[in-house]
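Following: one structure in structure tokens, then a few remarks.
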Amino acid sequence: MSFTYSLLPNTTAVMRSDGAVIPSDPRNADWQDYQAWLGVGNVPTPVPPPTLAQQAVAMLAAGFQLTSTSTPALNGTYGCDPTSQSIVQSEIIALLLNAKFTNGNAAFAHFDKSGGQHSFSATQFKAFATAIAQFIGTLLPIVATNSGTLPTPSITIA
């Protein structure tokens with residue numbers, strides 16, 4: 001039987017046309033057959049490019065670069081994963097209901113993805129939270145429908 005092969009994303013294994021996944025192990029007879037198939041000039045089907053929805057999911061996982069024009073100390077790459085979103089939502093609710101952060105202070109230390117701590121005032125945090133909401137709000141419909149325009153992963157606030 002004659003097979004064709006396809007490359008798989010994020011791995012050195014290949015998929016044979018019958019659905020078998022062949023690990024890149026030189027001792028594996030199926031891998032040896034694949035190498036022989038390549039040796040006679042055959043070319044595997046390339047990894048398909050990620051869909052728009054997959055790109056949007058990757059952007060959510062990667063976070064975004066924040067630039068503050070008035071307070072460069074806030075600059076950093078911040079997460080927008082569910083935990084990060086929950087923290088931002090909790091602090092915004094506290095600000096809206098009590099005019100102060102959950103720590104009872106007028107400033108809040110928020111961490112970027114690398115663990116860097118940044119101190120936000122209420123005004124800065126509201127701008128930050130609004131920008132995150134817009135970023136995520138643009139990505140979620142793309143994830144759901146696989147259509148739309150990906151936003152830039154950078155956000156600028158005052």
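Filtering region 113-158 to residues that are surrounded by fewer than 16 Cβ atoms within 10 Å (Cβ to Cβ) and farther than 27 Å from Leu52 by Cα leaves Gly115, Gly116, Gln117, Ser119, Ser121, Thr123, Ala158. If you go through region 10-65 and keep only what is surrounded by 14 or more Cβ atoms within 10 Å (Cβ to Cβ) and at positive phi, you end up with just Gly63.
Before we move on, is Thr69 in contact (Cβ under 8 Å) with a residue 60 or more places away in the chain and loosely packed, with under 13 Cβ neighbours inside 10 Å? It is true that Thr69 is in contact (Cβ under 8 Å) with a residue 60 or more places away in the chain and loosely packed, with under 13 Cβ neighbours inside 10 Å. Filtered by the rule that a residue be without any contact (Cβ under 8 Å) to a residue 12 or more places away in the chain and either part of a loop (DSSP other than H, G, I, E, B) or of a type in the set (Ser, Thr, Tyr) (or both), region 20-47 gives Ala20, Pro23, Asp25, Pro26, Arg27, Asn28, Val40, Gly41, Val43. Inside region 60-73, residues that are part of a helix (DSSP H, G or I) and over 21 Å from Pro151 (Cα atoms) make up a count of 2. Within region 39-50, one or more residues are modelled with pLDDT under 95, within 14 Å of the chain's Cα centre (by Cα) and within 27 Å of Pro141 (Cα to Cα). Scanning region 110-140 for residues that are under 23 Å from the mean Cα position of the chain (by Cα), assigned to a strand (DSSP E or B) and of a type in the set (A, V, I, L, M, F, W, C) yields a single hit, Phe111.
Output yes when any residue across region 97-109 is part of a loop (DSSP other than H, G, I, E, B) and within 26 Å of the chain's Cα centre (by Cα), and no when none is. No - not one qualifying residue is present in region 97-109. Taking Thr77, is it touching a residue at least 60 places away in the same chain (Cβ under 8 Å), in a strand (DSSP E or B) and either outside the structural domain of His118 (by TED's automatic domain parsing) or surrounded by fewer than 16 Cβ atoms within 10 Å (Cβ to Cβ) (or both)? No.
The values are calculated or read from the model by the stated rules, or taken from the named source; none is laboratory data. These numbers were taken from a predicted model, which means no experiment stands behind them. We place every Cβ from the backbone using ideal geometry, glycine too, and count neighbours over all the protein chains shown.
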